[in-house]
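Colleague: Here it is: the structure, laid out below.
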Amino acid sequence: MATGVDVSAASSYAVLLLHLLAISTIASVVEERSIYLILMEGEPVAFHGDVLSSQQGRRFDPKSEAYEVHANKLVDSHDQVLESTLDKGSYNKLYSFKHVLNGFAVHTTPSQAKKLQLAQGVKLVERDRRAKLMTTYTPEFLGLPQTVWTQEGGDRNAGDGIVMGFVDTGINPFHPSFAYDILNPLTSNLSHFSGACETGPLFPPFSCNGKIVSARFFIAGAQAATSLNATIDIPSPADAVGHGSHVASIAAGNAGVPVTVNGFYYGRASGMAPRARVAVYKAVYPTVGTLADVVAAIDQAVADGVDILTLSIGPEEPPQDTVTFLSIFDIAMLFARRAGVFVVQAAGNSGPGPSTVLSYSPWVVGAAASRTDRRYTASLLLGNGLNVSGVGLSAPTFGNGSLLYRLVLAKDAINLSGAFPRTPEYVEECQHPEAFDPSVVRGSIVICSFSAGFYNETSTLTAIFDTARVLGFMGFVLVANPSYGDFIGQPIPFSVSGALIPKVADAKIVSEYYEQQTLRDARGIVRQFNARAAIQDGRVASFGVQAPIVSRFSSRGPGFIDINRNPSDVLKPDILAPGNEIWAAWSPLSALDPILTGYNFALLSGSSMAAPHVAGIAALIKQEYPSWNPSMIASAMSTTATKFDNNGGIIMAEGFNIGSLYSSNNFDFGAGFVNPTHAMDPGLVLSSEFEDYISFLCSMPFIDRIAIRAATRVWCGQSVGHPANLNIPSVTISALRRSLTVRRSFKNVATKPETYVSLAIPPNGTTITLRPPWFTIAPEGTQDLDIEINVIKSTNEFSFGEIILTGSLNHIVRMPVTIRPVSIV
């Protein structure tokens with residue numbers, strides 16, 4: 001019987017449908033790949049017995065036969081683990097870590113990563129957390145030219161012989177801060193260092209010129225993480241961002257480089273150690289930064305033989321599945337420290353809230369950021385004679401205040417017949433030239449308002465500049481909006497005359513004057529603009545204001561041990577250094593900051609700027625005392641730091657409310673503000689070695705000893721008893737019950753015997769007894785100090801004190817004390 005239905009066709013259709021459904025189901029469970037960092041069993045090359053025995057006093061020689069044999073063996077073992085454990089085609093190996101770490105980075109799926117966790121020889125698997133940037137007057141503010149540079153032979157010698165490594169966004173090799181001076185050639189012996197010059201786009205072979213002694217780039221992680229932008233993610237050490245150039249020049253830029261922006265001369269810039277050499281390790285790109293690239297860069301920098309390593313970059317967040325001290329990033333820094341490298345890290349830019357610091361470990365110096373005593377102030381002179389303070393590196397309007405110009409509110413100057421949205425972006429924020437009546441704004445100073453676009457970061461100053469140029473503004477002011485409150489204005493170069501007025505109270509003064517002088521009709525439309533104003537020069541600095549002040553953005557302690565931010569027994573940040581409004585080198589490409597495009601210098605703020613100040617000072621100390629280990633250098637800076645400002649009061653810190661200040665404490669500034677002059681002659685220092693850091697880890701009650709073994713390749717043997725017994729220049733106890741005695745061991749690095757008297761200022765709720773109360777110590781001698789701390793009141797809050805050792809030869813040694821008393825019994 002005919003049915004009119006083709007049975008065979010229907011069956012084929014059903015099979016096809018099932019096949020498509022199956023494909024769809026499979027596709028829905030396809031895993032997205034991520035980058036994983038893996039640590040393996042076995043010593044890396046730098047600490048392998050055969051390599052160490054062949055070095056004859058050097059840290060290690062990457063070109064030696066023993067080094068190369070063991071390095072190749074490790075790479076082969078990494079490949080074998082991947083080939084034998086993971087499915088073919090399921091992964092892409094990015095790096096082999098072999099110098100100070102034994103491990104690799106791989107791009108694969110979560111399920112494949114789980115297989116690696118069970119593979120023989122694999123000790124630790126960690127997902128990449130990405131990396132971010134912690135975004136010259138300071139030598140004078142720190143007293144370097146008159147004291148430390150003089151001691152080192154002047155700026156023509158300061159830092160000579162020291163190689164400073166920078167893991168960052170690369171470097172601008174054409175910048176005068178990194179030029180080689182043929183009239184004052186660098187002749188120091190760099191036999192301890194062996195780098196390479198990797199060339200590529202915007203980085204020709206002559207870029208490594210003697211000042212820049214090595215330049216490498218690490219891009220495999222970035223390429224695996226996302227699709228890169230070929231125009232800005234440059235596969236060479238060239239800096240498309242500017243950040244890496246800025247950081248390197250703060251630490252090691254040439255002395256006396258003229259700073260000229262938009263034709264205005266701002267002075268001369270100098271690095272902290274202007275004769276130090278620069279080794280570049282580009283590991284962060286405009287589109288993305290990965291820890292895989294950063295760890296590979298650290299591994300290579302230590303192998304090359306850098307003396308100082310600056311990390312003004314870091315993870316975007318704490319590790320999820322391990323304690324902060326045992327993340328692969330922190331372990332990489334531990335082994336760099338083991339190899340004799342001084343490592344400094346930006347503390348972070350997430351302040352002023354507590355527990356926002358991104359530097360955790362005692363083997364790394366975490367630098368917090370402060371203001372100096374220099375300020376750049378712009379102002380708007382109103383027709384009634386009032387001067388309203390503002391911000392902006394701007395030239396004055398023509399006449400420099402002697403001529404006044406029509407003052408126009410943006411919303412009063414819109415083109416009423418224009419076909420554009422009546423949104424704040426168009427009407428208030430001066431983002432679009434087509435929104436205005438050219439006859440009204442030409443030759444006028446236009447008042448733009450900080451509204452929704454700026455609050456949401458979709459509007460820009462660059463757009464205001466463009467609007468002003470297209471329409472012929474005489475100038476502009478961007479004023480605070482009561483609906484959004486005060487905003488933070490940074491002094492950046494303006495290509496047109498202008499000023500930011502970030503305080504609502506000041507904006508109100510401008511608004512009231514404008515309305516008093518402006519005639520409107522019954523509909524509110526302006527019939528006559530009678531308000532007048534002039535923009536005064538915002539490029540001239542003033543000096544001598546209160547400083548240092550802890551910057552609002554600078555991340556705060558306490559340091560913590562896990563993602564839940566349980567506090568640790570380590571003081572973080574470690575030290576305070578200049579990090580606010582710092583002039584330094586820049587890249588004209590300025591891929592992330594269009595407003596700075598075309599400039600060779602930039603005035604930036606961030607703990608990224610504080611870290612290279614500390615690094616440069618460490619280089620000067622290393623030059624003076626080449627036998628000191630990194631912890632002795634850190635101790636010298638810490639025990640001589642000051643907690644007082646230039647007025648003699650306690651250093652203040654910026655709070656949540658813009659313009660607010662409070663008395664700072666150890667969680668704001670660590671040991672205090674760095675003092676290079678005193679750090680060069682500290683009297684006493686404290687020293688810790690790799691084994692001490694392992695004992696510290698093993699003393700922590702909440703860390704699995706197997707995890708310590710997995711991360712460090714060292715079994716827990718000796719413990720320091722309590723983490724606060726680690727011999728560092730501070731005492732921090734996150735939960736003190738009843739009583740605890742800790743010990744610090746000092747070494748006299750002065751040339752004469754000295755007698756010290758001990759004084760303790762205990763934190764609230766505690767008493768401190770020091771034994772011995774005084775002591776005499778010979779040159780190169782050591783002295784233990786027992787510190788007994790008793791709880792007399794349970795406050796369950798951190799409070800702060802200090803221990804001061806005053807020497808008979810005028811050395812003063814300070815150690816901050818930070819205690820949370822939780823129980824009397």
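The values are calculated or read from the model by the stated rules, or taken from the named source; none is laboratory data. Predicted model only: the values in this text are computed from it and were never measured. Cβ coordinates were reconstructed from backbone atoms using ideal geometry, including for glycine residues, and neighbour counts include every protein chain displayed. Accessible surface is based on the protein model in full, side chains and every heavy atom, while ligands, DNA and RNA are left aside. Shrake-Rupley method; radii C 1.70, N 1.55, O 1.52, S 1.80 Å.
Colleague: Of all beta bridges DSSP finds with both residues in the chain, what is the antiparallel percent, to the nearest 5?
Modeller: In the chain, approximately 65 percent of DSSP beta bridges are antiparallel ones.
Colleague: Moving to a separate point now. What ranking of Lys411, Lys114 comes out by heavy-atom accessible area, probe 1.4 Å, highest first?
Modeller: Solvent-accessible surface, decreasing: Lys114, Lys411.
Colleague: Where the centroid of each part is defined by its Cα atoms, how far is segment 550-570 from segment 199-230 in Å?
Modeller: 33
Colleague: With a cut-off of at most 14 other beta carbons within 10 Å, and DSSP calling the residue loop, which trypsin sites (Lys or Arg not before Pro) in segment 690-782 qualify? Please list them.
Modeller: Arg738
Colleague: Compute the FRET efficiency between Asp704 and Ile812 as 1/(1 + (r/R0)^6), taking r as their Cβ-Cβ distance and R0 = 56 Å, and round to the nearest 0.05.
Modeller: Once the sixth-power term is evaluated, E becomes 0.85.
Colleague: I need two numbers for the chain: Rg to one decimal and Dmax as a whole number, Cα atoms only, in Å.
Modeller: 29.7, 119
Colleague: Please list, by residue number, everything in segment 219-258 whose backbone N is under 12 Å from a paramagnetic label point 7 Å out along Cα→Cβ of Glu32.
Modeller: 226
Colleague: Rolling a 1.4 angstrom probe over the protein chains, ignoring ligands and nucleic acids, what is the accessible area of Cys197 in square angstrom, nearest 10?
Modeller: 50
Colleague: Shifting gears a bit: If I model a spin label at Asn400 and Ile824 as a point 7 Å from the Cα along the Cα→Cβ vector, what separation in nanometres do I get?
Modeller: Label at Asn400, label at Ile824, 6.9 nm between them.
Colleague: Could you tell me what percent of the accessible area of the chain is made up of carbon and sulfur, with a 1.4 Å probe and every protein chain present?
Modeller: Carbon-and-sulfur percentage of accessible area, whole number: 53.
Colleague: Would you mind getting me the FRET efficiency between Ala196 and Glu316? Use the beta-carbon distance for r and R0 = 22 Å, nearest 0.05.
Modeller: 0.15
Colleague: Could you give the length gained by full extension between Ala230 and Arg737, i.e. 0.36 nm per residue of separation minus their alpha carbon distance, to one decimal place?
Modeller: Here the segment from Ala230 to Arg737 would lengthen by 176.7 nm.
Colleague: According to a simple spin-label model (label point 7 Å from Cα along Cα-to-Cβ), what is the distance in nm between Thr677 and Asn657?
Modeller: A separation of 3.7 nm, rounded to one decimal place.
Colleague: Follow-up. So which of Lys643/Lys747; Lys282/Lys572; Lys132/Lys211; Lys63/Lys114; Lys211/Lys747 end up more than 29 Å apart by C-alpha?
Modeller: In this structure, Lys63/Lys114; Lys211/Lys747 lie more than 29 Å apart at Cα.
Colleague: Placing one identical point scatterer on every Cα of segment 319-384 and ignoring solvent, what is log10 I(q)/I(0) from the Debye formula at q = 0.16, 0.26, 0.28 Å⁻¹?
Modeller: Debye intensities relative to I(0), on a log10 scale: -0.67, -1.17, -1.24.
Colleague: So in segment 378-534, what percent of DSSP beta bridges are antiparallel if you round to the nearest 5?
Modeller: That works out to approximately 50 percent antiparallel.
Colleague: Mind jotting down the distance between the C-alpha centroids of segment 347-375 and segment 289-333, whole Å?
Modeller: Value for the Cα centre distance between the two parts: 17 Å.
Colleague: Using the charge dipole of the chain (Lys, Arg: +1 at Cβ; Asp, Glu: -1 at Cβ; taken about the Cα centre), state which of Ser84, Thr741, Pro763 has its Cα farthest towards the positive end.
Modeller: Pro763
Colleague: So what is the accessible area of the chain per residue, in Å², with the probe set to 1.4 Å?
Modeller: 38
Colleague: Rounded to the nearest 500, what is the chain's calculated 222 nm mean residue ellipticity when only DSSP H runs of at least 4 contribute -39500 (n - 2.57) each, over all residues?
Modeller: -6500 deg cm²/dmol
Colleague: Next question, about the same structure. Suppose each label sits 7 Å from its Cα in the direction of the beta carbon; what would the Ser483-Ser350 distance come out to in nanometres?
Modeller: Those two pseudo-labels are separated by 3.1 nm.
Colleague: A follow-up question, please. Counting Lys and Arg as +1 and Asp and Glu as -1, each charge on the Cβ, what is the dipole of segment 331-423 about the Cα centre in debye, to the nearest 20?
Modeller: 140
Colleague: Further, regarding this structure: Given segment 727-821, what whole percent of its Cα pairs are spread farther than 17 Å?
Modeller: Of all Cα-Cα pairs in segment 727-821, 47 percent lie more than 17 Å apart.
Colleague: Quickly rank 779-786, 345-352 as a protection proxy: mean count of other C-beta atoms within 10 Å, highest first.
Modeller: 345-352, 779-786
Colleague: Next up: Work out Dmax and Rg for segment 378-534 from the C-alpha atoms and quote the Rg first, both in angstrom.
Modeller: Every Cα atom of segment 378-534 included, Rg and Dmax give 14.1, 41 Å.
Colleague: Label 7 Å along Cα→Cβ of Phe174; segment 565-607 residues with amide nitrogen under 15 Å?
Modeller: Within reach of a label on Phe174: 586-591, 597-601.
Colleague: Turning to a different aspect of this structure: Is there a quick way to get the dipole size of the chain? I mean about its Cα centre, with the Cβ of Lys and Arg at +1 and of Asp and Glu at -1; what is the value in debye to the nearest 20?
Modeller: 960
Colleague: Please work out the C-alpha center-to-center distance from segment 461-537 to segment 628-668 and express it in whole Å.
Modeller: 37
Colleague: Take Cys716, project a point 7 Å from its Cα along the Cβ direction, then tell me which residues of segment 725-757 have their backbone nitrogen under 18 Å from it.
Modeller: Flagged as within label range: 725-727, 734-735.
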